[in-house]
Amino acid sequence: MTTAITIDAGHQMKSQQTSMVGATSIGREHDVINWYLIAVSIIYIAWSWVHLPSSIWVRSLLACYLVWRMKPDVIIPYMLTGVQLRLNLRAGLESLEEFGAAENLTQSLTGYEQYAFTMPCVLYAVRTFFAAISSNAPRRKEFPFWLYFLYLVGMLFVITGAVFASGKGGWTAGIRTYCLVNLYFYGLLLPVVSPRQCTKLAVGFSICGMIVFLMYALVGFRSRQLWLLLPLAGSFAPMLLLRGGRLRDLILASIYSAVGLWVGVAATFTVLLQWVWGTIAGVCLGSFRAQAGRETIAAALTYSLFVFSVGLLFYGAFAHDPTRNAMEVAWSGSTIDKMKYKLTGDRGPIWWGAMRYLVENPTMCGLPTWEYPMVSHGKDAVWPFSTHNIVLDPLLRLGMVAGPLVLLILVHAVLVAKNAVAGNASVGVVVLGLAVISNILLGGATLPYMLNDREAEHMMMTAGLLGAYGIRKSSGRGRSAVNGAISRA
């Protein structure tokens, strides 16, 4: 794929592009590609291989600059700043023990808990606040001030929880998680980008995804971008095929899809499901050009995934089997047995333990450094790590005030992405919207990476960027900012 990709989506596509330019606050199209910023980010990645401790501080300063710049062209560079090559490229280390020792050494050298990784996260919130109160913000008419006000109220409880946990390892985790969600509001305040620029952004993600997939398969590169970028691999090719994309673009997208399938099969069941769901969604939405058909399909895809993800959580928790042996399943079980083990023998005990702890020990300000009892593989254990679920993690880490607010914001982001997919025929808008929905609902069902800093920032910004297509104006009349401009044209 190249960033010069062009897609013929008919007269509607052309009119959307034209009206979008008129809808921007300064009368010109905002580009999502900035080669200078991308080059600087690549220099950082190389630096992270040569000398990781100092590169972490360089990354922190670069990330702060990108956040304060607050333009659509910072999304891809920010994604690149999440790479720490010395740690991600585990194949360059002799063992996992050496990897752990290198990681601990790096953390001790940088004081990362207090400074290096926290500064950009705090700046998310500060920059968004100033943009929200500014009368010059380009998309104030569609900004959900009611939701943002609730978010600010929750911040008080998160800060309180962090103060009580200060001095313990990981005490800033709650603040970093809560500030990361703020990037959705940050994206909602970015200048409007055209459908053509959305396609360029999707292509940029796909190029990075192809590189990550190949590095994973060939040299053992480990990064959560495998999860974040895989939905695009599934949906891009069928969308181009059914929307009449150019042959070159279709071939490249098909290669990306094939490599994504290969990685999904070799990785985890959830990663594979993301590819499958993205492909099905691409086929279904690519087949309908009329808005009524797209609205029906988008609603069916999104709400069914809501039910599936929540059902998965409760099935795994209530049907959990803490006595199951992973080795027996791995050697003699069928694929269905292995899937059932992952739910009831692996994730299920963790989810059940987290649910019990929430019921028995609810907190107002959360537990940034929680520990709760569980029974797994026939043994009593204390679990200090992630709950592997996007619902349970914020409830434990952020408490019974801020935790539900995070879930409300994530639901809002999913519904906005659904509206954007339903209301716009652009391949780029659809592919990005599907990626947001899949990562929050399907990926989050077994791992809440969408709440992790240095992993999900670019996807949260993209979720906000789609608000131009999926949020009605505050006046309540007309459709989104883009469709309103189309109707006036």
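What shape does region 218-330 take by its C-alpha gyration tensor, where a ≥ b ≥ c are the square roots of the eigenvalues and a/c under 1.5 counts as rounded, a/b above b/c as prolate, and the rest as oblate?
Numbers: a/c = 3.44, a/b = 1.39, b/c = 2.48.
It is oblate, given that a/c is not under 1.5 and a/b is not larger than b/c.
For region 122-130, the Karplus equation 6.51 cos²θ - 1.76 cosθ + 1.60, evaluated at θ = phi - 60°, returns couplings of 5, 5, 3, 5, 5, 5, 5, 4, 5 Hz by residue, with Gly and Pro reported as x.
Fewest first, what order do Leu441, Leu273 take by the number of other Cβ atoms within 10 Å?
Details: Leu441 25, Leu273 20.
Result, fewest neighbours first: Leu273, Leu441.
Each principal axis of the Cα atoms in region 145-293 has its own extent, and those three values, largest first, are 57, 42, 24 angstrom. Descending by average beta-carbon neighbour count within 10 Å, the peptides 81-88, 54-61, 200-207 line up as 200-207, 81-88, 54-61, the highest first. For Leu89, nonlocal amide neighbours, meaning residues 5 or more places apart or on other chains whose placed amide H falls under 5 Å from its own, are Arg222. Using the Karplus relation 6.51 cos²θ - 1.76 cosθ + 1.60 with θ = phi - 60°, the per-residue 3J(HN,Hα) values for region 367-377 come to 10, x, 10, 6, 8, 9, x, 7, 10, 9, 6 Hz, with x marking Gly and Pro.
Classify region 258-317 from the C-alpha gyration tensor, please: rounded if a/c falls under 1.5, else prolate or oblate depending on whether a/b exceeds b/c. The shape class here is oblate. With N as its number of residues, region 278-433 has a Cα radius of gyration that, divided by 2.2 N^0.38 Å, comes to 1.28.
Converting phi to 3J(HN,Hα) with the Karplus coefficients 6.51, -1.76 and 1.60 and the offset θ = phi - 60°, region 225-232 yields 4, 4, 6, 5, 9, 5, x, 5 Hz in sequence order, with x at every glycine or proline. Note on region 347-405: dipole from Cβ charges, positive end direction compared against Thr387, Leu367, Leu398; the farthest Cα belongs to Thr387. Amide H to amide H, with H built 1.01 Å from N, Ser376 comes under 5 Å of Ala381, counting only residues 5 or more places away or on other chains.
Here, each number is a calculation from the coordinates, and none is a lab measurement. Remember, predicted model here, so these are calculated numbers, not experimental data. With ideal geometry, Cβ positions are generated from the backbone for all residues, glycine too; neighbour counts draw on all protein chains shown.
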